[in-house]
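Here's the structure we're looking at; comments come further down.
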Amino acid sequence: MQRQRWFTPYLLVLPAVIWVFVFALWPFLNTVVLAFTDARPLRPARFVGLENFGKLFEDERFGYALSTSLVYVVVCVPLLTFLPLLLALLVHHKIPAIGFFRTTFYFPVIASAVVVAIVWEFLFSGSGTVNSALQFFGFVDRPIEFLSDRLLLIGCAVGLTVWKGLGYYMVVYLAALGNVGRELHEAAATDGAGWWRRFWSVTVPGVRGPIMLVSVLVCVGAIRVFTELYVLSNGSGGPGGRAMSMVMLIQSMGKGLNGQIGYASAISLVLFLLTLVPLAVVGVLNNSDTIKDALASRRVTKAARVARAAKGAAR
Amino acid sequence: MSAAQAQTTTAPRREKAYRTRGSADIMKPSLPGLIGKYALLILILGIMVFPFLWQMSTSFRGATENIYDFPPSLIPAAPTIDNYANVFRAIPVLDYAWHSLLVGVGTVITNVVFATMGGYALGTIKFRGKWIVLAIIFSTLLLPAEVTLTSQYLTVKSLGLANTLWGVFLPGAIAAINVLLMTAVCRMIPPDTLDAATIDGANTMERLRHIVWPNVRGMVSVVALFAFIGAWDDFLWPLVVLSDPANYTLTVGMQYLSSNFAANPRVIAAGTMIALVPIIVLFAVLQKQFFRGVEEGSVKG
């Protein structure tokens, strides 16, 4: 049935399409082009080929930024994939006051990362609550300078990211847990499976898809980390700027009248390629069944052949 | 057999939150299990809200009170609002809040209006080139905003919007993900309803208003809430766009306050409270709709 004139749908999607072109595709193409130039503000850009990318290998700051982001990924992914799942299991069943708990667990998510990072800064500062606690219990004599050591600073930022992300991924899992059949749980329990066994054998396979989704989201988010490290180090990137993440490096490179826009674009391009890696990995894993099937069928034929051979030998 | 008996005997009674003797409902925890569960919930609650409570109590403490003691006391001995007065003296915090509010409300309005329009067209109308449009919008999901940061700034600068709130607002005005979310819920609207409205003489605007809108309100509340939170909490983009402290939004203003007045944590605590309380209150008011919308979206999408 014709409900409208032919151009109506085009008019309706036009704003969204314009926005995608002007504020996503165009800047992306521009980034790709700029990555091969030595563009700076107030100066015409010159094409320099792969020079920016060559510079990356020698640039110590880029090495540190890359390793910071990778450490972030390696620590955040397992923590933020499984802790929220356990939390979701804890708040999954309707018991009195559960709505209150769910809502408050979500508070860190909606608070601005700047605000919570400032709170974190107080808690972990030289004279902050964490140090007072450590001294109170006699674990340390002198306060630990959490925020002026590269790894400790990154550790604090990871703690902050995990604390802030728990509620978000909890909600993702909550929506998924509703689809795990309780019959399976009951059947497993009848067969004598305890809580732990049921968790690994029923719940985890049941939410396999969401686990993949969450780990990809966490991974991409961890590569893109900025605010936590920026605020905790007061914009400096820690001692000698060595706790900078890749995005912090891009931001500090590209700003100001002397900004190296071309070089910053090259780093952006590397960042983009890195965010595609987890997606590619999941793509392979999702198709791994086909691969596994192929391997398994090969093993079966091999076993059959061996069996036949053994039979023949016995005869 | 025994399970059936237990069910028939307990049916008239009020349902208990824990597993009673003889009940075969293994999905329910036993009574000690339930108590353990609450203990764990309260422990996690403590971890989740302690930093906020501590910050709030710091913001009400006088200059002479020690804020570094352990064990920390959450109740200030002599509550004072001096710190809040000091925030107002240190930075134009009301201006910053106003800027954040403008950007947030603007983002909500444009996202809801244009994502609903686009979602309606993509979800219910067949037209030539639809799959190309969907593919273009989908592809931008793979593109993190951080990647285009530098070029985005160049775009905004060439539009003459550097160091303005318009520059902060525009790139986020229509988010691709919102268009896709609205497309997903619009697909659920029965086409017969839309046809019936057309026969009754409704034009596109009237259909959007009277048929589509009531059907997608759940998702709209999720889109609106996330758009507002995203705009209110965003830090990197305003930090890049805004160079003049007079134009800052709250988050950039808070970082400014924190790095320039580091000597007085009480004032900074008061500042963060000003940034935090409105968004927490907003969420607490809308949380029922939000959680319902999230469940709806996941079941349908």
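The values are calculated or read from the model by the stated rules, or taken from the named source; none is laboratory data. These numbers were taken from a predicted model, which means no experiment stands behind them. All Cβ positions, glycine included, derive from the backbone under ideal geometry; neighbour counts span all protein chains shown. Heavy atoms of the whole protein, side chains included, go into the accessibility calculation; ligands, DNA and RNA do not. Shrake-Rupley method; radii C 1.70, N 1.55, O 1.52, S 1.80 Å.
I'm told A:Val202 meets every condition in (1) in contact with a His (Cβ under 7 Å, 6 or more places away or on another chain); (2) within 27 Å of B:Lys288 (Cβ to Cβ) except one. Can you identify the failing condition by its number? Of (1) in contact with a His (Cβ under 7 Å, 6 or more places away or on another chain); (2) within 27 Å of B:Lys288 (Cβ to Cβ), only one is false for A:Val202: (2). Annotation: B:Val223 fulfils all but one of (1) under 24 Å from B:Leu53 (Cα atoms); (2) crowded, with 21+ Cβ neighbours inside 10 Å; the unmet one is (1).
Residues in the range B:235-271 that are among the β-branched types (Val, Ile, Thr), within 7 Å of chain A (Cβ to nearest Cβ) and either over 25 Å from A:Ser252 (Cα atoms) or more than 20 Å from the chain's Cα centre (by Cα) (or both): B:Val240, B:Ile268.
Quick grid of which residues meet (1) away from every other protein chain (no Cβ under 11 Å); (2) open to solvent by 50 Å² or more (accessible area, probe 1.4 Å):
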| site | (1), (2) |
| --- | --- |
| A:Val119 | no, no |
| A:Thr129 | no, no |
| A:Phe136 | no, yes |
| A:Asp141 | yes, yes |
| A:Cys156 | yes, no |
| A:Tyr168 | no, yes |
| A:Val171 | no, no |
| A:Ala188 | no, no |
| A:Trp200 | yes, yes |
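Here is a yes/no grid of residues against (1) within 14 Å of chain B (Cβ to nearest Cβ); (2) more than 30 Å from B:Asp192 (Cα to Cα):
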| site | (1), (2) |
| --- | --- |
| A:Gln4 | yes, no |
| A:Ala24 | yes, yes |
| A:Phe47 | no, yes |
| A:Pro84 | yes, yes |
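Selection of first residues in the range B:18-37 that are within 20 Å of A:Leu177 (Cα to Cα) and of second residues that are modelled with pLDDT under 65 and among the small types (Gly, Ala, Ser), restricted to Cβ pairs under 6 Å at least 6 apart or on distinct chains, gives an empty result.
May I ask you to list the residues in the range B:184-205 that are within 17 Å of B:Gly123 (Cα to Cα), without any contact (Cβ under 8 Å) to a residue 24 or more places away in the chain, open to solvent by 60 Å² or more (accessible area, probe 1.4 Å) and not in a loop (DSSP other than H, G, I, E, B)? Once the filter is applied, which keeps residues that are within 17 Å of B:Gly123 (Cα to Cα), without any contact (Cβ under 8 Å) to a residue 24 or more places away in the chain, open to solvent by 60 Å² or more (accessible area, probe 1.4 Å) and not in a loop (DSSP other than H, G, I, E, B), the range B:184-205 yields B:Asp192, B:Met205.
Inside the range B:106-144, residues that are facing another protein chain (nearest Cβ under 8 Å) and touching a residue at least 12 places away in the same chain (Cβ under 8 Å) make up a count of 8. Anything in the range B:81-133 that is open to solvent by less than 30 Å² (accessible area, probe 1.4 Å), farther than 15 Å from A:Leu11 by Cα and hydroxyl-bearing (Ser, Thr, Tyr)? List them, or say none. Residues satisfying the conditions are B:Tyr96, B:Ser100, B:Thr107, B:Thr110. Out of B:Val168, B:Val147, B:Val103, I need the residue that is within 7 Å of another protein chain (Cβ to nearest Cβ) and closer than 28 Å to A:Ser265 by Cα. Which one? Of the residues listed, the single one that is within 7 Å of another protein chain (Cβ to nearest Cβ) and closer than 28 Å to A:Ser265 by Cα is B:Val147. The numbered conditions (1) within 21 Å of A:Val282 (Cβ to Cβ); (2) in contact (Cβ under 8 Å) with a residue 60 or more places away in the chain; (3) open to solvent by 20 Å² or more (accessible area, probe 1.4 Å) are all true for A:Asp149 except (1). Exactly one residue out of B:Val216, B:Val241 is in the same structural domain as B:Lys157 (by TED's automatic domain parsing), at pLDDT 90 or above and β-branched (Val, Ile, Thr), and it is B:Val241.
Per-residue answers, yes or no, for (1) surrounded by fewer than 18 Cβ atoms within 10 Å (Cβ to Cβ); (2) within 30 Å of B:Lys157 (Cα to Cα):
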| site | (1), (2) |
| --- | --- |
| A:Ala222 | no, yes |
| A:Val225 | no, yes |
| A:Asn234 | yes, yes |
| A:Gln251 | no, yes |
| A:Leu274 | no, yes |
| A:Val281 | yes, no |
| A:Ile291 | yes, no |
